[in-house]
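The values are calculated or read from the model by the stated rules, or taken from the named source; none is laboratory data. The structure presented is a predicted model; accordingly, all values stated were derived computationally and were not measured. In this analysis, Cβ positions are derived from the backbone assuming ideal geometry, glycine residues included, and neighbour counts consider all displayed protein chains.
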Amino acid sequence: MPPWWRSAVFYQVYPRSFADAGGDGVGDLEGLRGRLEHLRWMGVDAIWICPFYRSPMTDFGYDVADYRDVDPLFGTLEDFDRLLTDAHALGLRVIVDWVPNHTSDQHPWFVEARSSRESPKRDWYIWRDGPGTGAGGRPNNWKAAFGGDAWTWDDATAQWYLHLFLPTQPDLNWRNPEVAAAMHDVLRFWLDRGVDGFRIDVVQGLTKDPTFPDDPPGQVAVHAAVNDCDDTHAVLRGLRRLADAYDGDRVLVGEVYLLDTATVAKYVGNGDELHLAFDFTPLYAPWDAGAWRRRIEAAEAELGAVGAWPTWTMSNHDNPRLRTRYGGPEARARAAAVLLLTLRGVPFIYYGDELGLEDAVVPPERVVDPGGRDGCRSPMPWDGAPGHGWPGAEPWLPWSPEPDTRNVEALRADERSILHLHRRILAARRASPALHAGAWLGLEAAPSVLAYERSEGGDRRAVVVNFTSTPADVTLAGDWDVEVDSAGVAEGTAFTGRLAGDQAVILRPAGRGPG
């Protein structure tokens, strides 16, 4: 029997911005627990929760000071246990973010490591001498994410330490078996509590070339975006063995931020490394039928070559929301939802995309993120009241546009809304083996249109997406009925072969009911 995650739809929750039960303007675990019914009603299968661990929050939780506790900003371990219990009772799986490439500089491991060159935890991090202590004396020319160099000088011990991200995020040394053992214990801590798996941050960064060579002159990428060391695969095989020792098909989903699908496929290995690996190349594809067809065909060929099951996402906490990135009317976001949720593989919905949210406009005085990602992290609007379902203090970031009308309560009351469209697509996907498990085959269509068929056994579906605002004609073999229409107007009727601008449809063979 295939593991649960192969047919699942994941929903990414950025906890600071999802729901606030405490009234301090910051989302928390109790707030999320109180809104689980929204996710069950939509029809998603699993939740990915971004970091909620104890942290100084210089990178909003991706600088972890204690992997085994909840930051008071988000609640308590008991709150997490209640959330997990309630989610499971509703049939929702839960995976949590795990950040193994680096810790906070306030983590006790690093505090001990920098106390002395003779510290027993010194080798838990990456320390190097350089030709000098000045700006030109770093061990190599690697650049950090968010700007600046990837090395910081430590006055107390007179050495440089490596950080692929902020100086407050020193990189762990995964070549030290004590680090691996300690981090395996962290995973066991959460697996023993019952989590269904992990989204693993910066997988490609876990090991570095031990010679620390300079990056080529003129390279524009930060080092985290090009680091790809063969030794990381042994680390991943160890993590996979650990996860597979637990029952319930626990899943490891890796952030492999290397913009080459064939390279990403290596991190699945021979079915003995990651279960799923994020391929972010589609995040950089324009809203263009030809570009998307090429990206899908590359995923089919390159991930398929190693038996990997693809993942798909159009938004996340590090990138502009799909509606902002693609531009155009809401109709385009509706068409994008049809595309995302009907491709072969595992889709990830970013919270709020089901409402058609755009990035918030954040004035300079409210900018807080070092990477400039505040706009895509705006608070989730739950109703049309002044606080939009957030009690007490004003939320930590501004609202996305139109929160008075673009909120869960208002869109749930409107059966023609983009929220209901997501629910209809997810219902169609769940009922159709072709959509949640079937093969993908591209079909001939006009340059402005992407058309493909999904099939599994005797079940077939066709999906047609018009990427432009101009109407288009499509000729498909056989007769088809409209099962889901992004505009919500043609469902249950025969497909005429005519698409309006920015329209997408899911089709089933004529005369066949759902499923």
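Would you mention how many residues in the stretch 398-415 are buried (at least 22 other Cβ atoms within 10 Å of the Cβ) and under 12 Å from SER17 (Cα atoms)?
Within the stretch 398-415, residues that are buried (at least 22 other Cβ atoms within 10 Å of the Cβ) and under 12 Å from SER17 (Cα atoms) number 1.
Among the residues of the stretch 407-431, which ones are over 22 Å from the mean Cα position of the chain (by Cα), under 17 Å from ARG35 (Cα atoms) and among the charged types (D, E, K, R)?
If the condition is that a residue be over 22 Å from the mean Cα position of the chain (by Cα), under 17 Å from ARG35 (Cα atoms) and among the charged types (D, E, K, R), then GLU409, ARG412 are the ones that fit.
Name every residue in the stretch 373-393 that is within 24 Å of ASN319 (Cβ to Cβ) and without any contact (Cβ under 8 Å) to a residue 40 or more places away in the chain, in order of residue number.
ASP374, PRO381, HIS388
Can ALA181 be described as of a type in the set (A, V, I, L, M, F, W, C) and at pLDDT below 95?
In short, no.
Mind checking which pairs have a first residue in the stretch 315-332 that is closer than 18 Å to THR405 by Cα and in the same structural domain as GLU358 (by TED's automatic domain parsing) and a second that is among the basic types (Lys, Arg) and surrounded by 18 or more Cβ atoms within 10 Å (Cβ to Cβ), Cβ under 8 Å, 6 or more apart or different chains?
That search, which allows pairs on different chains as well, returns ARG323/ARG332; GLU330/ARG323.
Look at VAL111 and say whether it is at pLDDT 95 or above, more than 27 Å from ARG373 (Cα to Cα) and not in a loop (DSSP other than H, G, I, E, B).
So VAL111 passes the test.
Output the number of residues of the stretch 239-269 satisfying the condition of being part of a loop (DSSP other than H, G, I, E, B) and in contact with a Gly (Cβ under 8 Å, 6 or more places away or on another chain).
Going through the stretch 239-269 one residue at a time, the tally reaches 3.
Between PRO320, PRO381, which is modelled with pLDDT of 95 or more, more than 18 Å from the chain's Cα centre (by Cα) and at negative phi?
Working: PRO320 fails: more than 18 Å from the chain's Cα centre (by Cα).
After ruling out the rest, the residue left standing is PRO381.
Would you check if GLY147 is within 29 Å of the chain's Cα centre (by Cα), farther than 15 Å from ASP66 by Cα, assigned by TED's automatic domain parsing to the domain that holds PHE348 and part of a loop (DSSP other than H, G, I, E, B)?
Here the answer is no, as GLY147 does not meet what is asked.
Going residue by residue through the stretch 297-309, is there one that turns out to be in a helix (DSSP H, G or I) and closer than 22 Å to HIS420 by Cβ? Break it down into steps so the answer makes sense when it comes.
Filtering the stretch 297-309 for residues in a helix (DSSP H, G or I) gives 297-304.
The next check asks that each one be closer than 22 Å to HIS420 by Cβ; those that pass are none.
Taking every residue of the stretch 297-309 in turn, none turns out to be in a helix (DSSP H, G or I) and closer than 22 Å to HIS420 by Cβ.
Looking at ASP69 and the list (1) touching a residue at least 40 places away in the same chain (Cβ under 8 Å); (2) surrounded by fewer than 23 Cβ atoms within 10 Å (Cβ to Cβ), which single condition is not satisfied?
(1)
Being more than 20 Å from VAL235 (Cβ to Cβ) and surrounded by fewer than 19 Cβ atoms within 10 Å (Cβ to Cβ) is the filter here, so list the residues in the stretch 160-190 that pass it.
PRO167
Scan PHE198, PHE189 and give me the residue that is within 27 Å of ALA46 (Cβ to Cβ), in contact (Cβ under 8 Å) with a residue 24 or more places away in the chain and in a strand (DSSP E or B).
Answer to the check: PHE198.
In the stretch 325-367, what count of residues is obtained for those that are of a type in the set (Val, Ile, Thr) and touching a strand residue (DSSP E or B) at 6+ places or on another chain (Cβ under 8 Å)?
Counting residues in the stretch 325-367 that are of a type in the set (Val, Ile, Thr) and touching a strand residue (DSSP E or B) at 6+ places or on another chain (Cβ under 8 Å) gives 4.
Looking only at the stretch 35-56, filter to residues that are under 22 Å from GLU112 (Cβ atoms) and surrounded by fewer than 22 Cβ atoms within 10 Å (Cβ to Cβ); which one of those is farthest from the chain's Cα centre (by Cα)?
PRO56
Within the bounds of the stretch 205-213, is there any residue that is at pLDDT 95 or above and in a helix (DSSP H, G or I)?
Yes, the conditions are met somewhere in the stretch 205-213.
Tell me, yes or no, whether the stretch 295-303 has at least one residue that is out of contact with any helix residue (DSSP H, G or I) (no Cβ under 9 Å at 6 or more places or on another chain) and in the same structural domain as PRO51 (by TED's automatic domain parsing).
Scanning the stretch 295-303, I find at least one residue that is out of contact with any helix residue (DSSP H, G or I) (no Cβ under 9 Å at 6 or more places or on another chain) and in the same structural domain as PRO51 (by TED's automatic domain parsing), so the answer is yes.
Are there any pairs with C-beta distances below 6 angstrom linking a residue in the stretch 169-181 that is on the phi < 0 side of the Ramachandran plot to a residue that is of a type in the set (Ser, Thr, Tyr), with the two at least 6 apart or on different chains, and if so which?
PRO170/TYR125; PRO170/TYR161; ASN173/TYR125; TRP174/THR207
Could we say that THR152 is part of a strand (DSSP E or B), surrounded by 17 or more Cβ atoms within 10 Å (Cβ to Cβ) and of a type outside the set (A, V, I, L, M, F, W, C) here?
Criteria met by THR152.
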